[in-house]
Amino acid sequence: MSTDEKFEDDLIFAISRTGDAFQAEGTALLSGGLRRGRRRWRRGSAAAIAGGATALALVATGGVYLAGLGGPRGDGGQAVTVAAADASGASSSGAASPDATTAATVSAAAAGAAAVTGEQMVGLLKALLPPGTVTVAGSRGSAGTGNQPPGAPYASLVLDDGHGAAAIEIGVQRQAPGDESFLEQVKCPDLKFQPTGVVCTSTPLADGSTLMVLQGYEYPDRRVDTLAWSATLAGKDGRLVQLQEWNAAKEKDAPVTRPNPPLTPAQLGALVTDKSWDAVVEALPTPKPQQRSTGKEYSAEEILAITATLLPAGLTESETGGQPGYANFVLNDGKGKSMVELNVQDWSRELKEHQQGSAKNDDVIEQVFAKARTLPDGTKVVFEKGGDKAAAWTVNSLRPDGVRVVVGAYTSGGPHQPSVRSAPALTEAQLEAIATSPLWVLKK
C-alpha cells in the first residue's frame with residue numbers, strides 16, 4: 001500500500017471513533033463480525049458511521065478523528081506565544097474578534113481557492129485560541145506537502161494557557177452536494193457504549209447546519225483519565241469541521257496536565273462555526289456523490305422488529321439503537337440491565353469463495369467457525385464467553401445460504417459498564433434460537 005493510500009485508509013478508518021473503539025477483545029465475534037465490518041466500512045465514504053467498542057458492529061460513537069496523522073505528536077516543533085487579543089485577535093473567551101476573523105479569512109482566500117497550506121491552517125486555528133504558548137505539532141494543506149499526499153487539511157497544536165499543556169487539533173473536509181450521510185457525524189453517540197459522565201449535545205443551527213459537542217474520554221473503558229472533548233459542524237454546503245482537544249499534551253501516552261481541556265463546550269462550538277473556515281471549505285474540491293445503498297441490508301428497525309418476536313415471554317426491548325445491519329437494545333428482567341446486540345450480514349459471496357477454495361476469505365471463516373457445531377440444516381454455530389468490564393455471551397451463526405447472524409448479550413447495560421448480574425438476561429439456548437431463526441433471510 002502506498003503512503004497516500006495508507007494515509008487515507010487510516011484517516012477514514014479513524015473518523016468518528018472515540019478512543020480505542022476498535023480494540024479487539026479476543027473473541028471469534030470480534031475476529032469475524034467486527035473485522036468484516038471494518039473492511040466494509042473502510043471502502044465507504046469518510047462520512048460513514050464508525051464505531052463503538054463492541055464486537056458486533058460499527059456502532060456510532062459520535063466521537064471524531066480529525067484529519068491529522070494520529071493526533072499531536074508532542075515531538076517538539078516551533079513554539080509560538082499567542083499574545084493578548086490586540087495582537088492575536090483571540091479574546092480570553094477563545095473567540096476571535098470580527099476584524100481578526102475577517103483578516104484570517106481574507107488571508108486564506110488570497111492564497112487561491114486551489115489549495116490551502118498547512119501553515120494557513122495553523123494560523124487560522126491559532127487566531128481563534130485563547131492567549132498562551134502554542135507549539136505546532138503538525139499540519140497539512142489541501143494539496144499536501146513533502147511526503148504528505150493531498151487530502152483533508154488539518155492543524156495540530158499544543159496550547160499552554162498557564163494551566164497545563166493541552167493538545168488541540170482541527171480538520172476540515174467537504175462532502176458531496178446532497179449527500180446527507182455526513183449528518184451521522186453530528187449525531188450524539190449511543191450512551192450505552194460510553195462510560196459514565198459522557199455529555200453530548202447535537203443542535204440544529206439557524207443556517208441549516210448541525211453542531212455536535214461531545215465531552216468524553218480518550219478511552220471508552222477509562223483506563224486513564226485523559227479527556228477528549230470535541231465539536232463537529234456539518235453544514236448544508238457539505239462542510240465538515242471537526243475539532244478535538246485533550247487535557248494532556250498528546251492524544252495518547254501522555255500524562256494528564258489539567259482537570260479539563262482548555263476550551264469550554266461553548267468555545268468549541270464557537271471555534272468550528274467561525275467564518276474563518278469558509279475559505280478552507282471553498283479551497284477543497286467538491287466530491288462526487290457516493291453511490292446510494294441498494295437497500296439489501298436489514299435496517300436497525302427491521303432487526304429490532306424481528307428480534308422482538310423471538311424474545312422469551314415477559315422480556316421487551318428498551319433503549320434501542322442501531323444502524324444498517326446492526327441493532328442493540330436493553331432487557332431488564334428485574335435482575336439488572338442486560339444489553340443485547342445483533343449483527344445480520346449477507347455472507348453468501350464470502351461463503352461461495354470459501355467453498356471454491358479462494359484464499360480471500362479463508363482466514364475469516366476459518367477463524368470464526370473452525371470450532372463450530374453444525375446443526376442438521378447445515379448451519380454453523382459458535383458460542384463464546386468474553387468481555388471486559390461486562391461479561392459478554394455471544395452466538396455466531398452461518399447458514400448454508402450465507403446468512404450470518406451474530407447475537408451477543410452482556411451482564412450490564414453496556415460493554416463499558418460494570419456487571420450488575422452474574423449472567424446475561426438471555427441464556428445460551430435463547431441466544432442460539434434468535435441467531436438461527438428462519439426469520440432471517442437473504443434480501444434480494
Out of the residues in the stretch 116-139 meeting the condition of being at pLDDT 90 or above and farther than 18 Å from residue 165 by Cα, tell me which one is most open to solvent (accessible area, probe 1.4 Å).
119
Taking the stated definitions as given, is residue 428 acidic (Asp, Glu), within 30 Å of residue 220 (Cβ to Cβ) and touching a Leu at 6+ places or on another chain (Cβ under 7 Å)?
no
Odd one out for residue 260 among (1) within 27 Å of residue 192 (Cβ to Cβ); (2) touching a residue at least 60 places away in the same chain (Cβ under 8 Å); (3) not hydroxyl-bearing (Ser, Thr, Tyr)
(2)
Residue pairs meeting the criteria (Cβ under 7 Å; at least 6 apart or on separate chains; first modelled with pLDDT under 90 and among the hydroxyl-bearing types (Ser, Thr, Tyr), in the stretch 279-291; second outside any loop (DSSP other than H, G, I, E, B) and surrounded by 13 or more Cβ atoms within 10 Å (Cβ to Cβ)):
286/174
In the stretch 303-313, anything more than 18 Å from residue 442 (Cα to Cα) and open to solvent by less than 30 Å² (accessible area, probe 1.4 Å) is listed as 311
Check the stretch 230-250 and report whether any residue there is touching a Gly at 6+ places or on another chain (Cβ under 6 Å), at pLDDT 90 or above, assigned to a helix (DSSP H, G or I) and not charged (D, E, K, R).
no
Taking only the stretch 384-410 into account, find how many residues are under 23 Å from residue 299 (Cβ atoms) and open to solvent by less than 10 Å² (accessible area, probe 1.4 Å).
12
Among residues of the stretch 411-444 being open to solvent by 70 Å² or more (accessible area, probe 1.4 Å) and small (Gly, Ala, Ser), the residue nearest to the chain's Cα centre (by Cα) is 422
Would you confirm, using the coordinates I've provided, whether residue 150 is at pLDDT below 80 and either outside any strand (DSSP E or B) or open to solvent by less than 20 Å² (accessible area, probe 1.4 Å) (or both)?
yes
For the stretch 153-198, which positions are among the polar types (S, T, N, Q), surrounded by fewer than 24 Cβ atoms within 10 Å (Cβ to Cβ) and in a loop (DSSP other than H, G, I, E, B)?
196
In the stretch 326-345, how many residues are of a type in the set (Gly, Ala, Ser) and buried (at least 21 other Cβ atoms within 10 Å of the Cβ)?
2
If the requirement is being within 25 Å of the chain's Cα centre (by Cα) and more than 27 Å from residue 412 (Cα to Cα), which of these qualifies: 364, 340?
364
Need the failing condition index for residue 316 against (1) in contact with a helix residue (DSSP H, G or I) (Cβ under 6 Å, 6 or more places away or on another chain); (2) hydroxyl-bearing (Ser, Thr, Tyr); (3) open to solvent by 10 Å² or more (accessible area, probe 1.4 Å), just the number.
(1)
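The values are calculated or read from the model by the stated rules, or taken from the named source; none is laboratory data. Keep in mind that this is a model prediction, so the values were computed, not measured. Virtual Cβ from ideal backbone geometry, glycine too; neighbours counted across all protein chains shown. Heavy atoms of the whole protein, side chains included, go into the accessibility calculation; ligands, DNA and RNA do not. Shrake-Rupley method; radii C 1.70, N 1.55, O 1.52, S 1.80 Å.
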